[in-house]
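Have a look at the structure below, then the notes.
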Amino acid sequence: MCPHWGSGGGFLTDLKSCSNGGTRILNTIEMVCVAVNMMVAFAMMLVVVYGVIGRYFFNTSDNWVAELTAFMMVPLTFLVLGHVQSKRMHVNITILIDRQSLKTKTVLRIITTLFTLGLFVLLTWASWLFALKALHGGYVSDAAEIPLFPFRLLVPVGGLLMCFRLVADLVQDIGSFLGYRFLKS
């Protein structure tokens, strides 16, 4: 429960206070994910360089290099979805809405955010079940026998962060539609 709830300012004032605090926490988590991805990208570069040097200079081929590189793509893809959404940098086709009024744009943004949130709730749930299957089945990769569960778990974690970001965007857009200014992320 939000500590600001019921402080006497009315529902939307309470919602704004809680939204601001939640957005700050979400921003912090997303920045941690960005930092983790920087380290993963650097480690991925080292693995690829190792594979290239081994292949071209020592005539050796390690199957685990390609496998590990593929696994490293999972956090690079999913952990930053929420951060990219916070900057509104996902691909948008705006040819139909560019000439609309601000209110119409806001309504369309609310509708697309609701639709996207529904899709990400489904994705998060299905990927959670997929990760649990790997955990309970003890699934490992073929070449290096790396456990699949940690990498599969990153998909629902990234999906959950995206869902939180979409809810924050939805609150902000509804507040904007109703004439309230919320904290920009």
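The values are calculated or read from the model by the stated rules, or taken from the named source; none is laboratory data. Everything quoted here is computed from the prediction, not taken from an experiment. No Cβ is skipped: glycine too gets one built from the backbone with ideal geometry, and neighbour counts run over all protein chains shown.
Out of curiosity, is Ala70 without any contact (Cβ under 8 Å) to a residue 12 or more places away in the chain and small (Gly, Ala, Ser)? Against the criterion (without any contact (Cβ under 8 Å) to a residue 12 or more places away in the chain and small (Gly, Ala, Ser)), Ala70 qualifies.
Pairs meeting the criteria (first residue in the stretch 74-95 and without any contact (Cβ under 8 Å) to a residue 24 or more places away in the chain, second residue of a type in the set (D, E, K, R) and exposed (fewer than 10 other Cβ atoms within 10 Å of the Cβ), beta carbons under 9 Å, at least 6 apart or on different chains) are lacking. Where helices (runs of 4 or more DSSP H) fall wholly inside the stretch 74-185, the ranges with 1 or more residues that are at pLDDT 95 or above, within 14 Å of the chain's Cα centre (by Cα) and crowded, with 20+ Cβ neighbours inside 10 Å are 102-137, 149-177. If you go through the stretch 54-73 and keep only what is modelled with pLDDT under 90 and exposed (fewer than 13 other Cβ atoms within 10 Å of the Cβ), you end up with Tyr56, Phe57, Phe58, Asn59, Thr60, Ser61, Asn63. Look through Val52, Val34 and report the one residue that is β-branched (Val, Ile, Thr), closer than 26 Å to Met162 by Cα and either free of Cβ contacts under 8 Å to residues at least 24 places away in the same chain or not in a loop (DSSP other than H, G, I, E, B) (or both). So the residue among Val52, Val34 that is β-branched (Val, Ile, Thr), closer than 26 Å to Met162 by Cα and either free of Cβ contacts under 8 Å to residues at least 24 places away in the same chain or not in a loop (DSSP other than H, G, I, E, B) (or both) is Val34.
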